[in-house]
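J.: Here it is: the structure, laid out below.
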Amino acid sequence: MLQRLGPGLIIAGAIVGSGELVATTKVGAEAGFWLLWLIVIGCLIKVFTQVEFGRMAITEGRTTLSALDVVPGPRLRANWIVWFWLFMTLVGIAQLGGIVGGVGQALAISTPITHDGRAFNEVQDEWVERRVARRVADHRGQLVTPADVAREESAARAAADAPVPFDPVLWAALISLPTSLMLVIGRYRLVQIVSTALVASFTLFTVVTLILLQMRPEWAIRAKDVGDGLSFRMPPPREGLDPLPTALAAFGIIGVGAAELISYPYWCLEKGYARWSGPGADSPDWVERARGWMRVLRYDAFLSMVVYTVGTVAFFLLGAAVLGRTGLVPENKSMIRTLAAMYEPVFGEHAGTLFLGGALAVLYSTYFVASASYARVGADAIGIFGKRPLTPERRRFWERVLCAAIPVASVFIFGFVRAPTGLILAAGVSQALMLPVLGFAALWFRYRRGHPEIRPGRLWDAMLWLSGLGLLIAGGWAAWTRF
């Protein structure tokens, strides 16, 4: 059984990255513990829709886009849902620009390339250090002198006036080229090994940090904090902050986001789930094999859910406990520096170095896996929009072209829009809007497609309806608040 698992771990590699490290911690920074319930629901509720898409891959051997292309609705060469996917994907590639921009920021902080980069680091480091020191002193009830306030304000003005260097873009470009090469020559096993190793290392580091934080009374997470977070209430108003739009954007990309729901069956097909079910959908032997592979798929999906839920909740709690209590919010050019402050109560002056290594691992994992996923789904889309199914050779050709092009395109986007947090959250909104559509499609698959002998029972149906309702509420809420 364990040897057959893997697609879910690849998806976890795409999940525990921009959604968790950036969006989830930003929600904790803005809302404190109050939206823990939304984060948990965002992780748990989508897995039933994920498995339903996987069921289509096993029973019919269909890719996600080819399955979505037969859902009823308007058509213009392709189904309306496929057009919606195209819009979401274009914004998603911009998200990759934000992710590789975060990687570039981390490398520019640790190893600046230009003189301007080194000067920028000195100014920004002084500002962030003074800001963090003051917020920590406020949290601990320590005296902050007028001189301390004046020095912080002076550092803030210098940081705001400092021209942003080109170092993050240079590092992003240097990262994108070997990534394209690895994706072009690599196949399933390489993606699985790289994503699993990177995600496991930083998730473990964050969970350990959260445990060690409990040993410091002024930072420890109390039972009341968790109770507030699970009370299904909105956070109280905070001056200058509106955490709900951030939370809804995060909902779209935490757990299994819309992009991962669509790409998961492609990894199942590449792993061989449908191929090993074999032909002969009317034979008892085929039914037995398909049921066996559905059990494997459910184990795979739920195991990955445990992995990314633990990681997501850990990032959220750490963000709420440190950033939320000190009033620090990760924003665009100071995103990486502010996120590093989460680890200072435990690791002190070594936090920055340790965090940079972890941030590189988890952000690069998302960048690597998401680029590979978009390439596979994109190659499928070329056949659908071209109205001709691609042969395996042509599909592999287009996968390689897109594997080479997508990382490079994301760097160009970051070069023009130097706002990694904004790019990531914009993708979260587009994916949140896509979620109700995918929930509807999953229900249509359940009752209109699929083999009758492989259909689930009543309890699963109830959870699938609950999942669809949750996706509808999240997407509708996102549309209402944004438009």
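No lab work stands behind these numbers, since they all come straight from the coordinates. Fair warning: this is a prediction, and the values are worked out from it, not measured in the lab. FYI the Cβ positions are ideal-geometry reconstructions off the backbone, even for glycines, and counts take in every protein chain you see.
J.: Round to the nearest 0.05 the FRET efficiency obtained for residue 143 and residue 216 when R0 = 25 Å and r is the Cβ-Cβ distance.
T.: That pair, residue 143 with residue 216, gives E of 0.80.
J.: I would also like to ask the following. Please list 297-306, 115-124 highest first by mean number of surrounding beta-carbon atoms within 10 Å per residue.
T.: For the peptides 297-306, 115-124, the packing ranking is 297-306, 115-124.
J.: Could I ask something else about it? Please compute the volume of the convex hull spanned by the alpha-carbon atoms of the chain and report it per residue in Å³.
T.: Spelled out: Cα convex hull of the chain, divided by residues, is 142 Å³.
J.: Round to the nearest 0.05 the FRET efficiency obtained for residue 80 and residue 460 when R0 = 25 Å and r is the Cβ-Cβ distance.
T.: For residue 80 and residue 460, the calculated efficiency is 0.35.
J.: Just want to confirm a number: the relative contact order over segment 344-475, from Cα pairs under 8 angstrom separated by 6+ residues, in percent.
T.: 21
J.: Additional query: Does segment 129-171 come out rounded, prolate or oblate by the C-alpha gyration tensor, with a ≥ b ≥ c the root eigenvalues, rounded set by a/c under 1.5 and, if not, prolate when a/b is larger than b/c and oblate if not?
T.: Judged from the Cα gyration tensor, segment 129-171 comes out oblate (a/c at least 1.5, b/c at or above a/b).
J.: Please give the FRET efficiency for residue 408 paired with residue 87, using the beta carbon to beta carbon distance and R0 = 22 Å, rounded to the nearest 0.05.
T.: The calculated FRET efficiency here is 0.55.
J.: So which aspartates and glutamates pass the test for residue 26, namely a Cα distance under 12 Å, with those fewer than 8 places away in the same chain ruled out?
T.: 242, 331
J.: Under DSSP H, which helices of the chain have Cα atoms covering 18 Å or more of the helix axis and a Kyte-Doolittle average no less than 0.0?
T.: Long hydrophobic helices here: 47-60, 80-110, 167-185, 188-213, 258-271, 284-318, 351-385, 392-416, 420-448, 458-482.
J.: Mind putting a number on the dipole of the chain about its Cα centre? Charges go on the C-beta only, +1 for Lys and Arg and -1 for Asp and Glu, and I need it in Debye to the nearest 20.
T.: Using Cβ point charges on Lys, Arg, Asp and Glu, the chain gives about 1500 debye.
J.: Another question, then. For a quick protection proxy, order the peptides 460-472, 148-160, 356-368 by their average other-Cβ count within 10 Å, most packed first.
T.: 356-368, 460-472, 148-160
J.: Excluding same-chain residues fewer than 8 positions from residue 387, which aspartates and glutamates have a Cα within less than 12 Å of its Cα?
T.: Straight-line reach from residue 387, under 12 Å: 69.
J.: Label segment 294-377 by shape, choosing from rounded, prolate and oblate, from the square roots a ≥ b ≥ c of the eigenvalues of the Cα gyration tensor; if a/c is under 1.5 it is rounded, and otherwise prolate applies when a/b is larger than b/c, oblate when it is not.
T.: The shape class here is prolate.
J.: Moving on to the next point. Quick one: if you stick a label point 7 Å off each Cα along the C-beta vector at residue 157 and residue 232, how many nm between them?
T.: 5.1
J.: A further question on this structure: Sort 62-71, 126-135 by the packing proxy (mean of other Cβ within 10 Å over each peptide's residues), most packed first.
T.: 62-71, 126-135
J.: Separate question: Go ahead and estimate [θ] at 222 nm for the chain from helices alone: -39,500 (n - 2.57) per DSSP H run with n ≥ 4, summed, over the residue count, rounded to 500.
T.: Calculated mean residue ellipticity at 222 nm is -25000 deg cm²/dmol.
J.: Right, next: Along Cα→Cβ, 7 Å out, is where each label goes; now give me the distance between the ones at residue 115 and residue 242 in nm to one decimal.
T.: 4.4
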